[in-house]
Structures are given as C-alpha cells and as structure tokens.
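The structure appears right after this line, and notes come after that.
Coordinate-derived values only; no laboratory data. The structure presented is a predicted model; accordingly, all values stated were derived computationally and were not measured.
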Amino acid sequence: MKLREQYKLITAEYGCNCIFKRTKNCYPSPVLHAIKNSGQDGPDITIPMSRAVSKEKKETVYEELNIHKQTENLTRRIVELKKQRRGLDKAIGKVEEELGKIFDNAGIDCIETEMGMLVRRKKADGYEWLIEL
C-alpha cells in the first residue's frame, strides 16, 4: 500500500494491486511475497523465519491465522446442535404427555417395564420420569 502511494505513476502504469495476507508480528513485505512465490532459496537470500520453523509451529501459526474460520465453524455447529436439542425436547415432551395420559387413566404412578420400574414423580413444574432398576 505504501509503495502504491509513494510511486503512483509507476503503479498506475503497471497495475500494481498486490494484496498480502496479514500475519501476526510480520509486515506484509513485497520482498517476502516474491521469495515465497519464487520457490528458490539461494544462499544470498535471507529466508524469512517462517521457512525455518518446525511443522508443529507451522500448524500452530496456521491455526492462529484461521481463528475466525474456526469460530465460524464452531458457531454453526452450536446453532445446529441447539436446533436439534429443541426438537428432541419437544419430542420428549410429547412422549411424556402420552405417558401421563396413560398413567392418569390407569390411576397409577408406576408400572413395571422390561427396562425396570417406570415411575412418575410430581415436581413443582410438572412430573419427572424415572426408570428404577
């Protein structure tokens, strides 16, 4: 950006429109951009430190650079899970309502099932359903 401002006539003539990705603690220099794209690491060129780091460090830097993408993916996931939970809560409510009708009609608060004793207990906001083994 500073080069474009400083050399307006040249950059206008040659259509300079380089866009560099921002990297934490690193200035987006055109020189680093050129070295990265050349694929040639000669002895007379000082290679940026990013070329000499371990694979683990590269992965860490990559993760740091992509926190927005990670956050976006996790946000989508939590929204989807909450939608699923609402659906499950609604389905559970319907089943509990049907069980309540059965228990009310039979005048009972527990019944033996294959899984154990199904028990209906009164709570402040309705009933709680338990399976006692």
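One decimal place: the segment Asp89-Lys69 gains 4.2 nm when fully extended, by the rule 0.36 nm per residue minus the C-alpha distance. Here the extension length gained between Ser54 and Lys82 equals 6.2 nm, from 0.36 nm per residue of separation less the Cα-Cα distance. Checking the Cα-Cα distances for Lys83/Lys122; Lys58/Lys82; Lys94/Lys122; Lys90/Lys122; Lys101/Lys123; Lys90/Lys123 against a 23 Å cut-off, the pairs over it are Lys83/Lys122; Lys58/Lys82.
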